[in-house]
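Peer 1: Can you read through this structure? Questions will come right after.
Values in this text are rule-based calculations from the coordinates and carry no lab data. Please read these numbers as outputs of a predicted model, since none were measured by experiment. Because the Cβ atoms are built from the backbone with ideal geometry, glycine has one as well, and the counts that use them run over all protein chains shown.
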Amino acid sequence: MDNKYPFELIPLPYAYDALEPHISEQTLTFHHDKHLQTYVDNLNKALAGNPQLQCLPLEYLLTHLGEVPASDRTAVQNNGGGVYNHNFYFESMTPEETQPSELLTELLVRDFGSVEKFLEEIKAAALSVFGSGWAWLVMTPDKRLKIITTPNQITPLQDGYLPLLNVDVWEHAYYLDYQNRRPDYVTQWKSIINWDMVSRRLP
Ligand code: MN3
């Protein structure tokens, strides 16, 4: 995801109805075509008056927010984070059957006890997010796997983590399908994780 200004809406890597019954066509259509499009448009607006930032990849902008003029910094954080987090989320799901690679399995067992235990822990983290935010599997600078949460559109990049997997727990990610039942949404999400993608993100 080293895309630059002007940012464009990256198409979903599967059909809008591909994740049914876990996530409906209606939810994915609104989430991708409306919510993500708005982040893309507002990120472009924030960068339009800053030509010195327009050649920089999104990851660079998010980890060097001090280089963004103060008047546009919050807009770049919120909308740049929104673009990064959503592209990462949509790519982290698949209708295909996938399994963690041998290496990823080994690391999950080492740091959580088992793949099952990891899934329980990331679900608990997702349920613990108060208000809008994300739960993540990340790799720390000393190469441990760790579960973290971030509020709003903060990314783990800003804390020096390598993101491996995320789940969106903003209400717009599940309300049409599950209303207030975030636990049911996260349970269903666990069965559509794109483990091939997560495995490929390991360094
Ligand atoms: Mn979202």
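Peer 1: Conditions first: (1) more than 25 Å from GLN77 (Cα to Cα); (2) within 16 Å of the ligand (Cβ to nearest atom); (3) exposed (fewer than 15 other Cβ atoms within 10 Å of the Cβ). TRP189 passes all but one, so which condition is the exception?
Peer 2: (3)
Peer 1: Filter region 75-105 down to residues that are more than 16 Å from the ligand (Cβ to nearest atom) and either outside any helix (DSSP H, G or I) or closer than 28 Å to LEU28 by Cβ (or both), then give me how many there are.
Peer 2: From region 75-105, those more than 16 Å from the ligand (Cβ to nearest atom) are 75-76, 94-105; that's our starting set.
Then drop every residue that is not either outside any helix (DSSP H, G or I) or closer than 28 Å to LEU28 by Cβ (or both), which leaves 75-76, 94-101, 104.
Going through region 75-105 one residue at a time, the tally reaches 11.
Peer 1: Here are SER101, SER114: which of them is closer than 15 Å to LEU164 by Cα and surrounded by fewer than 18 Cβ atoms within 10 Å (Cβ to Cβ)?
Peer 2: Numbers: SER114 fails: closer than 15 Å to LEU164 by Cα.
Going through SER101, SER114 in turn, the sole match is SER101.
Peer 1: Separate question: How many residues, within region 42-60, are in contact with a Leu (Cβ under 9 Å, 6 or more places away or on another chain) and within 16 Å of the ligand (Cβ to nearest atom)?
Peer 2: 1
Peer 1: Evaluate the following for THR140: is it within 16 Å of the ligand (Cβ to nearest atom) and either among the polar types (S, T, N, Q) or surrounded by 18 or more Cβ atoms within 10 Å (Cβ to Cβ) (or both)?
Peer 2: No; evaluated as a whole, the condition is false for this residue.
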